[in-house]
Amino acid sequence: MMNEQEIVLKIENLSFRYEKENVLEDINLSVPKGSFLGLVGPNGSGKSTLLKCILGLLKPQTGTIYLFGTPISEFKDWHRIGFVSQKANSFNTGFPATVYEVVASGLTSKLGMFRFLSKKHRQAVIDAIEAVGMKPFINRNIGELSGGQQQRVFIARAIVSHPDLLILDEPTVGVDVHHVQNFYNMLDELNRHLGITLLLVTHDIGTITEKVTHVACLNKHLHFHGKAQEFAQLDSKELSQFYGHHLHVLSHDH
Amino acid sequence: MVEAIFQYEFLQNAFFTGVLIGIVAPLLGVFIVVRRLSLIADALSHVTLAGIAASLLLEKKFISSFLFNPFYMGMAFSVAGSLFIEKLRSVYKHYQELAIPIILSSGIGLSVIFISMADGFNTDLFSYLFGSVSAVSRSDLWTVLFITLGVIVTIFLLYKELFLLSFDEEHAVASGIKAKTVHFIFIILVALVIAASMRIVGILLVSSLMTLPVAASIRIARGFKQTIVFSILFGELSVILGLIFAYYLDLAPGGTIVMLAVLILLLVIIWKKWRRS
Ligand SMILES: Nc1ncnc2c1ncn2[C@@H]1O[C@H](COP(=O)(O)OP(=O)(O)OP(=O)(O)O)[C@@H](O)[C@H]1O
Ligand SMILES: [Mg+2]
């Protein structure tokens with residue numbers, strides 16, 4: 001069961017619409033264990049929508065999603081999935097909770113009902129906070145942090161339960177260059193050493209091709225899905241086809 | 001009052017009921033305030049009033065029975081009201097707060113009709129509206145004790161889930177928490193505590209005992225647990241001092257308790273300002 005080719009996430013013929021028009025159409029995707037998938041696409045292309053379907057927050061009109069081989073309708077092990085949402089700082093900023101309390105809440109579903117934090121869990125919370133460099137702020141109220149610091153706390157909350165699949169929707173928006181670098185190093189570490197499968201939505205196409213193993217290019221349809229090297233070799237004409245407009249951010253050397 | 005408490009049973013009832021309510025009302029209040037549901041308590045208290053009015057009417061015009069006890073009728077209405085609020089919240093997905101004025105006005109409307117059918121106000125109704133030191137019976141005290149224990153145990157057991165649900169509902173749902181069930185249990189607790197509190201603070205002021213101590217606590221607390229502790233502390237302080245003032249000055253306790261809570265809130269705000277400068 002633990003073989004490298006276990007499929008962590010599989011999507012078959014998925015279509016989704018909020019109102020009349022399909023936002024996602026006929027998506028097929030499979031993510032093997034241990035891979036690091038970068039999901040790219042222009043604004044409004046359905047990236048966040050797809051993630052919400054995977055997380056069970058939205059129900060696609062057609063198609064099936066399998067998580068760790070189980071159809072999503074029967075899936076129960078939600079603690080195996082970590083999630084950092086795009087609008088992580090849309091929460092009530094006056095909420096009276098410390099960094100520690102917020103990160104510890106990431107263990108809620110892993111613990112299950114009527115269970116409490118053990119000493120081991122408390123250490124895991126502290127470790128996760130340390131991993132994102134927020135240890136000095138551990139007893140601060142979350143509302144008293146900057147947006148980028150808050151984002152790092154939410155990343156800690158997502159990794160504290162040691163998920164098998166970590167889903168991140170533009171997690172580095174508002175995080176400074178230095179911490180973005182640290183963050184990618186941390187993802188690398190999670191991915192290579194702990195074997196955590198990663199699914200990362202980003203607009204930063206330049207860096208992503210160096211970090212990820214696979215790329216999926218979404219714009220209502222899945223236009224490209226393959227190895228990162230193949231993606232890097234696409235010429236800009238092919239890419240702009242996927243994007244529907246011309247792309248300038250491809251290369252970082254000016 | 002201390003000696004008087006040992007002498008008079010009605011004072012014991014009022015005092016201990018007050019102490020219990022001083023714990024549970026702010027405890028639930030913390031979750032209500034951080035979820036920005038403060039008005040739900042108001043809506044439910046007015047529905048409770050409708051239940052009380054209905055029972056007073058039944059008692060006057062028809063039969064009086066244990067089942068029509070104002071306390072229990074109020075509680076039943078309050079729980080029913082909380083179910084309606086949940087229903088309305090799912091009907092008006094994008095205007096969830098609409099559920100509150102709808103339920104609130106229905107509550108007042110019904111109350112007014114029942115009260116006028118029962119030929120208007122009487123002292124009994126007055127004590128339900130504003131609280132009373134002398135109206136709490138021993139059996140009321142037992143009911144309140146029972147509710148208090150139930151609430152504390154439930155909050156203790158569901159603490160993690162309630163915290164996550166309050167902080168980040170989407171994340172709670174995405175991590176597989178049964179948000180609907182947890183929320184449903186919570187709103188029923190609120191309905192029960194409102195009914196339990198009405199004897200002491202009165203229907204019209206119940207919601208302030210749930211929100212004012214929390215408003216003060218949020219200004220100075222670090223973290224969620226501390227917010228809960230300070231809220232209960234402030235709530236308890238207002239209730240105990242409020243009851244003492246009410247007894248010696250012969251005032252309705254609802255007023256004295258709430259005004260003390262307001263005073264504490266003001267002091268906290270001033271203290272915070274002063275410390276900053
Ligand atoms: N709650 C909603 N109700 C109706 N339509 C929506 C809703 N959320 C998103 N949409 C529409 O669905 C489409 C896809 O949105 P989505 O948020 O998935 O895009 P995205 O790829 O994540 O964009 P971005 O890069 O800006 O984050 C957009 O056209 C958007 O207008
Ligand atoms: Mg998005």
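The values are calculated or read from the model by the stated rules, or taken from the named source; none is laboratory data. Every value quoted in this text rests on a predicted model; they were computed, and no experiment measured them. Glycine also receives a Cβ, built like all others from the backbone with ideal geometry; neighbour counts cover every protein chain displayed. What goes into the accessible areas is simple: the full protein's heavy atoms, side chains included, and nothing from ligands, DNA or RNA. Shrake-Rupley method; radii C 1.70, N 1.55, O 1.52, S 1.80 Å.
When only C-alpha pairs under 8 Å and at least 6 residues apart count, what is the relative contact order of region B:17-207, in percent?
Values: 247 pairs, mean separation 71.3, N = 191.
Rounded, it is 37 percent for region B:17-207.
Rounded to the nearest 100 Å², what's the accessible area chains A and B bury against each other, both chains counted, probe 1.4 Å?
Numbers: alone 13340 and 13870 Å², together 24700 Å².
The A and B chains share an interface burying roughly 2500 Å².
Report in % the part of the accessible area of region B:17-207 that belongs to carbon and sulfur, leaving out ligands and nucleic acids; probe 1.4 Å. It would help to have the intermediate numbers written out before the result.
Details: 5640 of 7840 Å².
Percent of accessible area from carbon and sulfur atoms in region B:17-207: 72.
What number comes out for the charge environment of B:I103, summing +1 per Lys or Arg and -1 per Asp or Glu over other residues with Cβ under 14 Å away?
Taking every other residue near B:I103 into account, the sum is -1.
Run the numbers on region B:169-191: which residues show a drop of 30 Å² or more in accessible area, chain on its own versus all protein chains together, using a 1.4 Å probe over heavy atoms?
Buried by the other chains: B:E170, B:H171, B:A174, B:S175.
Hey, any idea what Rg/Rh is for region B:1-103, computing Rh the Kirkwood way over Cα pairs?
On the way: Rg = 17.4 Å, Rh = 15.9 Å.
My calculation puts Rg/Rh at 1.09.
Take the alpha carbon atoms of region B:224-266, find their center, do the same for region A:11-47, and report the distance between the two centers in whole angstrom.
55
Once the cut-off is 31 Å, how many percent of the Cα-Cα pairs in chain B end up in the long-distance tail? Present the calculation step by step, with values, prior to reporting the outcome.
Values: 9851 of 38226 pairs.
Of the Cα pairs, 26 percent sit more than 31 Å apart.
Dipole of chain A, Cα-centred, from +1 at each Lys and Arg C-beta and -1 at each Asp and Glu C-beta, to the nearest 20 debye?
On the way: 24 positive and 25 negative charges, 187 e Å.
Once rounded to the nearest 20, the dipole reads 900 debye.
Which one of A:L67, B:I270, B:L237 is farthest out on the positive end of the charge dipole of the protein assembly as shown, using unit charges on Cβ (Lys, Arg +1; Asp, Glu -1) and the Cα centre as origin?
Of A:L67, B:I270, B:L237, it is B:L237.
Report the Stokes-Einstein translational diffusion coefficient (µm² s⁻¹, integer) for region B:197-245, Rh taken as the Kirkwood radius over Cα pairs, at 37 °C with viscosity 0.692 mPa s. Intermediate values should be presented prior to the final figure.
Values: Rh = 11.2 Å.
So the translational diffusion coefficient is about 294 µm²/s.
Report the antiparallel proportion of the DSSP beta bridges in chain A as a percent, rounded to a multiple of 5. Walk me through the numbers before you get to the answer.
Working: 21 of 38 bridges.
Restricted to chain A, the bridges split so that about 55 percent are antiparallel.
Here are some pairs, B:K160/B:K180; B:K180/B:K225; A:K20/A:K52; A:K76/B:K180; which of them have Cα atoms lying more than 20 Å apart in this structure?
Values: B:K160/B:K180 15 Å; B:K180/B:K225 24 Å; A:K20/A:K52 18 Å; A:K76/B:K180 16 Å.
Checking Cα-Cα distances, B:K180/B:K225 exceed 20 Å.
From zero outward in steps of 10 Å, how is the percent of C-alpha pairs of chain A spread across the bins?
7, 30, 36, 22, 5, 0
Using alpha-carbon positions, what is the distance between the centroids of region A:131-157 and region B:40-64, in Å?
Region A:131-157 and region B:40-64 have Cα centres separated by 49 Å.
Going toward the positive end of the dipole of region B:17-207, with +1 on Lys and Arg Cβ and -1 on Asp and Glu Cβ, which of B:A196, B:L37, B:Y92 do you reach last?
B:Y92
Let me see the pair-distance distribution of the protein assembly as shown: every alpha carbon pair, 10 Å bin width, integer percents in order.
Distribution as computed: 4, 17, 23, 20, 15, 11, 7, 3, 0, 0 percent.
Please work out the average accessible area per residue across chain B, using the 1.4 Å probe convention, and give it in Å².
Values: 12600 Å² over 277 residues.
I get 45 Å² per residue for this part.
Output the DSSP H helices from chain B with an along-axis C-alpha extent of no less than 18 Å and a mean Kyte-Doolittle hydropathy no less than -1.0. Kindly include the intermediate steps, with their values, before the conclusion.
Numbers: long enough: B:9-34 (38 Å, 1.94); B:38-61 (36 Å, 0.98); B:70-91 (31 Å, 0.83); B:99-117 (27 Å, 2.09); B:138-157 (29 Å, 1.73); B:179-201 (32 Å, 2.11); B:206-220 (23 Å, 1.42); B:224-249 (37 Å, 1.61); B:253-276 (34 Å, 1.32).
Both cut-offs are met by B:9-34, B:38-61, B:70-91, B:99-117, B:138-157, B:179-201, B:206-220, B:224-249, B:253-276.
So how strong a dipole does region B:17-207 carry about its Cα centre when Lys and Arg Cβ are +1 and Asp and Glu Cβ are -1, to the nearest 20 debye? Kindly include the intermediate steps, with their values, before the conclusion.
Numbers: 12 positive and 11 negative charges, 40 e Å.
That gives a dipole near 180 debye.
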